[in-house]
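K.L.:
Have a look at the structure that comes next, please.
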Amino acid sequence: MFLAIVTLALTALAASMVSFAISRLRFKGQGAVRVYFVMGMMVPIQSIIVPLAWAINNFDIRDNYLILILLFTASHMPLATFIITGSMNSLPTSLEEAAIIDGCSIYKVFTRIVLPLVKPAIATVGIFVFMYTWNDLLVSMVFIGKAELRTISVGLLNFVGARKSDYGALMAAIFIAILPPLTMYLVLQENVVKGLTSGANK
């Protein structure tokens, strides 16, 4: 739960700021930055797990939640940026122009005008990030060795053995494991549809 919530918050914050810069600001290399994040969607973390494991083992930083949070955030950033940027592109610039004329700084425009309007997109990103982080198995198995630090997905493997499996306890554990993401989705399901379609039309 700690990993999922912290990763969700960090990804939503970072992706919102990057999306605002790509969608609203004008700077040199803006197109290259946009392409960079789109290309990131084509590189799943599973494809670079071997060099990551080599680097983390060499630096002796295994069994560290901070490393997992940074890895999860980096892997979720491209999709989160893509969704939030699409939502921001659908917003009229007249709202921001009026706010700037009234004396709002760029930071107030971002926090008080743009962010409230893209809440559905941020909620969509939050659900995806939470579910992917909560259900992750490979990254947690590779980078977490201590039993007290293992995630719930890795913990479910304890109920399955080579010679004997406790299916009753396994079914109960799976039911408990799916409750948080299922509850979160049911609460925010309307925002998922809005968030995914907000950038479809202008």
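The values are calculated or read from the model by the stated rules, or taken from the named source; none is laboratory data. Since we're looking at a predicted model, the values are computed, not measured. Note that we place each Cβ from the backbone using ideal geometry, even for glycine, and neighbour counts take in every protein chain shown. Side chains included, ligands, DNA and RNA excluded: accessible areas come from the protein's heavy atoms. Shrake-Rupley method; radii C 1.70, N 1.55, O 1.52, S 1.80 Å.
K.L.:
What is the magnitude of the charge dipole of the range 108-175 about its Cα centre, with +1 placed on the Cβ of each Lys and Arg, -1 on the Cβ of each Asp and Glu, and no other charges, expressed in debye to the nearest 20?
P.N.:
220 debye
K.L.:
Rounded to the nearest whole Å², what accessible area per residue is found for the range 63-130 with the 1.4 Å probe? Walk me through the numbers before you get to the answer.
P.N.:
Details: 3100 Å² over 68 residues.
With all protein chains present, the range 63-130 gives 46 Å² per residue.
K.L.:
Round to a whole number: what % of the accessible area of the chain belongs to carbon and sulfur, probe 1.4 Å?
P.N.:
Working: 8200 of 12020 Å².
Exposed carbon and sulfur together represent 68 percent of the surface.
K.L.:
Measure nothing but the geometry: give the 0 to 90° angle between the long axis through the Cα atoms of 30-40 and the longest principal axis through the Cα atoms of the chain, rounded to 10°.
P.N.:
Tilt relative to the chain: about 20 degrees.
K.L.:
Report the relative contact order of the chain, percent, no decimals, based on alpha-carbon pairs under 8 angstrom and at least 6 residues apart.
P.N.:
Result for the chain is 32 percent.
K.L.:
Of F20, F159, F128, which is the most mobile in a GNM of the chain whose springs link Cα atoms less than 10 angstrom apart?
P.N.:
So, out of F20, F159, F128, the one fluctuating most is F159.
K.L.:
Restricting to Cα pairs below 8 Å that are 6+ residues apart, what does the relative contact order work out to for the range 106-171? Please round to a whole percent.
P.N.:
So the answer I get is 18 percent.
K.L.:
Given a 10 angstrom Cα cut-off, can you work out which residue in G103, G40, G86 is the most mobile in a GNM of the chain?
P.N.:
G103
K.L.:
Going Cα to Cα from K146, which aspartates and glutamates come in below 12 Å? Please leave out same-chain ones fewer than 8 positions away.
P.N.:
The reachable aspartates and glutamates, counting only those whose Cα sits under 12 Å from K146, are D63.
K.L.:
Once the Cα atoms of helix 2-24 and of the chain are each reduced to a long axis, what angle between those two axes, in degrees from 0 to 90 to the nearest 10, is obtained?
P.N.:
Once rounded, the angle reads 30 degrees.
K.L.:
Here's something else I'd like to know. Of S87, M1, S16, which is farthest towards the positive pole of the range 1-131's charge dipole, taken about the Cα centre with +1 and -1 on the beta-carbons of Lys, Arg and Asp, Glu respectively?
P.N.:
Of the options given, the answer is S87.
K.L.:
What is the magnitude of the charge dipole of the chain about its Cα centre, with +1 placed on the Cβ of each Lys and Arg, -1 on the Cβ of each Asp and Glu, and no other charges, expressed in debye to the nearest 20?
P.N.:
260 debye
K.L.:
Considering only T111, T151, A99, whose Cα is most displaced toward the positive end of the charge dipole of the range 94-169, charges sitting on Cβ of Lys, Arg (+1) and Asp, Glu (-1)?
P.N.:
T151
K.L.:
Heavy atoms of the protein only, probe of 1.4 Å, neighbouring chains included. What is the accessible area of Y167 in Å², nearest 10?
P.N.:
The accessible area of Y167 comes to roughly 140 Å².
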